[in-house]
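Data block below; observations after.
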Amino acid sequence: KGRIGYDMLFGPAYKGITLASATAIALAARGHDTAFAYNRKEAKDHGEGGTLVGAPLKGRVLIVDDVMSAGTAVRESIALIESAGAKAHAVAIALDRQEKATEKQADGEVKDVPYSAVQYVRSTLGLSVCAIANLDDLLHYLNLRKGADIEQHLQQVSDYRKRYGV
């Protein structure tokens, strides 16, 4: 598969913060000096203030996060990135939960839709999404490792897939 080009990293609060930081550190260890930024959920009214921390958002921004469930964090990140004058370019996640996305209706009600958040981000928002693994991969792994200590987890993940999966 091709590489995803980017100019900097962005970690959505909260888990994305440590993942973007760790990614920037790992890239630096390989000789790639990569700027990163992240957001706070609540604006700070002292010190540097505001909701954005780190390098100024500019260029093509790679959003780094743990999972994509309904796509809410990505949509919020895109709004922050674009309001700073940068371009949300792609998303890298650890796990694609293959979970139904949600959309806000004209009347304000939020409804599930028949496609995943990753599919929504790719098709509707036009961003590439790179996932290290997905829910199918996790189920496959748990099936390979069947045993008393895994059986409970296999059942829980299977139930999750049946309830929320696309």
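The values are calculated or read from the model by the stated rules, or taken from the named source; none is laboratory data. Note that this is a predicted model, so its numbers are computed, not measured. We place every Cβ from the backbone using ideal geometry, glycine too, and count neighbours over all the protein chains shown. All accessible areas refer to the heavy atoms of the entire protein, side chains included, with ligands and DNA or RNA removed. Shrake-Rupley method; radii C 1.70, N 1.55, O 1.52, S 1.80 Å.
One table, with the values for the structure above:
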read-out: Accessible area in square angstrom per residue, the chain, 1.4 angstrom probe; value: 60 Å²
read-out: Alpha-carbon radius of gyration plus Dmax, which is the widest Cα pair, for the chain in Å; value: 17.5, 53
read-out: J(HN,Hα) series, the range 8-25, from Karplus relation 6.51 cos²θ - 1.76 cosθ + 1.60, nearest Hz, glycine and proline x; value: 7, 10, 9, x, x, 4, 10, 5, x, 4, 5, 5, 5, 4, 5, 5, 4, 5
read-out: Portion, in percent, of the accessible area of the chain that falls on carbon or sulfur, probe 1.4 Å; value: 52 percent
read-out: Sparse-neighbourhood loop sites, GluC sites (Glu not before Pro) in the range 1-109 - DSSP loop, at most 12 other Cβ within 10 angstrom; value: 48, 109
read-out: Residue 7 paired with residue 67, simple spin-label distance in nm, labels 7 Å along Cα-to-beta-carbon; value: 3.3 nm
read-out: Inter-probe distance in nm under a simple model that places probes 7 Å from Cα toward Cβ, at residue 125 and residue 113; value: 1.1 nm
read-out: Stretchable slack from residue 75 to residue 35, in nm (0.36 nm times residue separation minus alpha-carbon distance); value: 12.3 nm
read-out: Relative contact order [Cα under 8 Å, 6+ residues apart], the range 1-157, whole percent; value: 18 percent
read-out: The range 67-116: Rg to Rh, with Rh as the Kirkwood radius over Cα pairs; value: 1.02
read-out: Hz values of 3J(HN,Hα) by residue in the range 93-105 - Karplus curve (6.51, -1.76, 1.60), Gly and Pro given as x; value: 10, 6, 9, 8, 6, 6, 9, 4, 7, 10, 9, 7, 7
read-out: Calculated [θ] (222 nm, deg cm²/dmol) that DSSP helices of n ≥ 4 give over the chain, each run adding -39,500 (n - 2.57); value: -11500 deg cm²/dmol
read-out: Neighbourhood net charge (13 Å Cβ-Cβ; Lys/Arg +1, Asp/Glu -1) for residue 18; value: -1
read-out: Sum of side-chain charges, residue 96 neighbourhood, beta-carbon under 10 Å (Lys, Arg +1; Asp, Glu -1); value: -2
read-out: Column: log10 I(q)/I(0), Debye, Cα scatterers of the range 58-141, q = 0.22 Å⁻¹; value: -1.04
read-out: Degrees, to the nearest 10: 135-144 long Cα axis against longest axis of the chain; value: 40 degrees
read-out: Simple label model, 7 Å out from Cα along Cβ direction - residue 134 to residue 14, nm; value: 3.0 nm
read-out: Förster-model FRET efficiency, 25 Å R0, residue 156 and residue 94, C-beta, rounded to 0.05; value: 0.85
